[in-house]
Amino acid sequence: MGTGTGIGRVRGLGSAKTGAHHWIQQRVTAAGNVLLLVWFLISLFKLPGLEYAEVVAWLGQPLVAVPMMLMLANLFWHLRMGLQVVIEDYVHEEGTKFGTLLLLNFYAIGGAALGIFAIAKIAFTAGAAS
Amino acid sequence: MAISIFHRITGSGLATVGALGLVWWLWAAASGKAAYETFIACATSPIGYLVLIGLTWAFFQHLFSGLRHFVLDIGAGYELKTNKSWSILVFVLAIAATGILWLVILAGKI
């Protein structure tokens, strides 16, 4: 093999066969967050108010509930990767790092699950409850 | 330098306070009127407004700073002067967007 980085290695065919996927996913979820969060904030802003009945009726619509669920998944995925990098950069003791990353995974998956479940509950019971 | 650490700080804040606030809001809405009104009472308290305005700024700072990263990712904007101008613009835009948004929200309440 010559010197320098061959294009094959750059494309993930180096000895590890992988490497850039974390970086790429961080960008892909960032782009998703731009779309979904801007949509979310504009939608909230356009609602006449944030009273209980208005918010539940809004969240109950399929074209709101589905993007909201996607937003929760995308958001927690992005923050999991972001906080992982922060932890890896500042927590140096191996045991503490392992424990912190474990907690981060519980937090990210648990938070996303609770948020998505809440949206699903509203979407499936909207109309019935009101 | 500052823009980079601000990206981390705002990202960490949004990932913790922001994400928990969002999930609290959704959980409260799914739990019923009483839980939702508790959330609204907290969110519209003086501390609630302070947190929300802080999160708005953190969101815009992280958003604009993130868009700057996309530009850097395609290999553009590394010249010292260009880089500095874009960095300063990110700070200015984030504060301006936060200010305008909250002026409109609070003006609508009066």
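Tallying residues that are of a type in the set (A, V, I, L, M) and over 21 Å from residue B:42 (Cβ atoms) within region A:50-67 yields 5. Among the conditions (1) without any contact (Cβ under 8 Å) to a residue 60 or more places away in the chain; (2) over 19 Å from residue A:50 (Cβ atoms), the only one that residue B:69 does not satisfy is (1). Once region A:82-106 is narrowed to residues that are free of Cβ contacts under 8 Å to residues at least 12 places away in the same chain and of a type in the set (Ser, Thr, Tyr), the residue that is farthest from residue B:11 (Cα to Cα) is A:96. Taking the listed residues A:112, A:53, A:118, A:57, the one that is under 12 Å from the mean Cα position of the chain (by Cα) and among the small types (Gly, Ala, Ser) is A:112, with no other qualifying. Counting only helices (runs of 4 or more DSSP H) wholly contained in region B:8-110, the ones carrying 2 or more residues that are among the basic types (Lys, Arg) and surrounded by fewer than 16 Cβ atoms within 10 Å (Cβ to Cβ) occupy B:80-109.
Scanning region A:28-65 for residues that are assigned to a helix (DSSP H, G or I), within 16 Å of residue B:30 (Cβ to Cβ) and out of contact with any Pro (no Cβ under 9 Å at 6 or more places or on another chain) returns A:52, A:53, A:55, A:56, A:57, A:58, A:59, A:64, A:65.
Taking the criterion of being more than 16 Å from residue A:114 (Cβ to Cβ) and among the β-branched types (Val, Ile, Thr), the residues of region B:1-16 that qualify are B:3, B:5, B:9, B:10.
Looking at (1) over 22 Å from residue A:33 (Cβ atoms); (2) at pLDDT below 95; (3) within 12 Å of another protein chain (Cβ to nearest Cβ), which one does residue B:73 not meet, given that it meets all the others? With (1) over 22 Å from residue A:33 (Cβ atoms); (2) at pLDDT below 95; (3) within 12 Å of another protein chain (Cβ to nearest Cβ) applied to residue B:73, the lone miss is (1). Cβ-Cβ distances below 7 Å connect the following pairs, each with a first residue in region A:41-59 that is more than 10 Å from residue A:126 (Cβ to Cβ) and within 10 Å of chain B (Cβ to nearest Cβ), a second residue that is at pLDDT 95 or above and surrounded by fewer than 16 Cβ atoms within 10 Å (Cβ to Cβ), and a separation of six or more residues or different chains: A:52/B:33; A:52/B:37.
The values are calculated or read from the model by the stated rules, or taken from the named source; none is laboratory data. Keep in mind that what you see is a predicted model, and the values were worked out from it rather than measured. Backbone-built Cβ (ideal geometry, glycine too); neighbour counts: all protein chains shown.
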